[in-house]
Amino acid sequence: MRIAETPDRLPEGGRVLVPTMGGLHEGHLELVRLGADIARERGLVGGCVVSVFVNPTQFDEAYDYERYPRMVEQDAALCAQAGASAVFAPSVETVYPTPESRRDPVMPQVAYEPKLEDAARRGHFAGVCLVCRRLFELTGAAAAVFGEKDWQQLQTVRAMVRMLRSETEIVGSPTVRNPDGLAMSSRNRFLSDEDRARGLALSRSLLAAGREPTPDAGEAAMRRVLAEAGVTPDYAAIREASTLMPPAEGVPIERVTWRAVVAGRVGSVRLLDNMPWPLGEGADGSASG
Ligand code: AMP
């Protein structure tokens, strides 16, 4: 598996990009498999390129940035097994060659209006928008695959690409969960056994919400499940799925596409999760790993 540090070392031809920060798990590898399938179906001979870049501009805590797992050789071996054509592991200087390249992101409303992730992690989506735009430019990706796990991020990147009239198509892929329901995350390795058990309250709260007849009752159910587990959420909300705003007053519930979203700190780790609302029989919009 080739580890390219600069774009000229990437395989020639059209590409599908899977942007990651490394520390890869089965959730990322599902995106890689989907990316490789898309490249094959569309005859993009450059294949599926996985970027591994711990982006300094999207961290709001120095400690979180410093301890973020870095293991690119191991990641590259997993990417090869999942069908990637190359790993793109650029330096900070390659992604941000000038001070200006770290400034003035193109940010859609969904990045700053809903007061969800944007309120809890100030500056985070500015960094996400900066890095995604740069990675799309550097790799010339025809398509890029993102996980539904980070729902507000997926909506943000989709909307940013529309604003930029970029050629890169954004493809979403369902959340991959552990058998106990916890959404897979590179940060889960920092959970103690006890915190991991408490962390299950996030997916439980979404399942409980999905069975309630109204968004208000769903939100109350989420708060109840989280409180019982002793988890104080940053937010636990049911919103319109693409803007993440509350719909206009008076719009009938069944006319809206909804998404239930939740995030909160458990021990030293911040967890986030989401599911469609309401939940159909046996459905939660996830894939199990
Ligand atoms: P990260 O390395 O955490 O920045 O994530 C890179 C990509 O993988 C993002 O598009 C995430 O949404 C996606 N991802 C992370 N965890 C999961 C998961 N459990 N299921 C599906 N996608 C995921």
Residues with beta-carbon under 11 Å from that of Val32, excluding Val32: net charge, scoring Lys, Arg +1 and Asp, Glu -1?
-3
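For a test of the definition: using alpha carbon positions, the gyration tensor, and the 1.5 limit on a/c, classify segment 1-74 as rounded, prolate or oblate.
In terms of gyration-tensor shape, prolate.
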Roughly how tilted is helix 193-210, in degrees to the nearest 10 and between 0 and 90, from the longest Cα axis of the chain?
70
Descending packing, highest mean Cβ count within 10 Å first, for 139-152, 182-195 is 139-152, 182-195
Filtered GluC sites (Glu not before Pro), segment 1-46: DSSP coil and at most 11 other beta carbons within 10 Å:
Glu12
Given the DSSP H assignment, sum -39500 (n - 2.57) over each helix run of at least 4 residues in the chain and divide by its residue total; what's the result at 222 nm in deg cm²/dmol, nearest 500?
-11000 deg cm²/dmol
At 37 °C and a viscosity of 0.692 mPa s, what translational diffusion coefficient does Stokes-Einstein give for segment 205-283, taking Rh as the Kirkwood radius over Cα pairs? Give it in µm²/s as a whole number.
256
Order 53-61, 159-167 from most to least packed using the mean count of other Cβ atoms within 10 Å.
53-61, 159-167
Determine Rg/Rh for the chain; Rg is computed over alpha-carbon atoms and Rh is the Kirkwood hydrodynamic estimate from the same atoms.
0.96
Given the whole protein assembly as supplied and a 1.4 Å probe, what does the accessible area of Tyr96 come to in Å², nearest 10?
10
So, counting K/R as plus one and D/E as minus one, what does the shell of residues with Cβ under 13 Å around Cys48 add up to?
+2
Rounded, prolate or oblate, given the Cα gyration tensor of segment 130-289, with a/c below 1.5 counting as rounded?
oblate
With labels modelled as points extended 7 Å from the Cα through the Cβ direction, what inter-label distance (nm, one decimal) is found for Met163 paired with Asp64?
2.1
Mind grabbing the accessible area of Ile253 for me, 1.4 Å probe, Å², rounded to tens?
60
Residue-ordered couplings for segment 14-19, obtained by feeding phi - 60° into the Karplus form 6.51 cos²θ - 1.76 cosθ + 1.60 and rounding to whole Hz (Gly and Pro as x), are x, 9, 10, 10, 10, x
Out of Met71, Val262, Leu34 - ranked by how far each Cα lies towards the positive end of the dipole of the chain, with unit charges on the beta-carbon of charged residues - the top one is Met71
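The values are calculated or read from the model by the stated rules, or taken from the named source; none is laboratory data. From a predicted model like this one, the values you see are computed outputs, not experimental measurements. All Cβ positions, even for glycine, are placed from backbone atoms using ideal geometry, and neighbour counts span all protein chains on display. Just the protein is used for accessible areas: all its heavy atoms, side chains included, with ligands, DNA and RNA removed. Shrake-Rupley method; radii C 1.70, N 1.55, O 1.52, S 1.80 Å.
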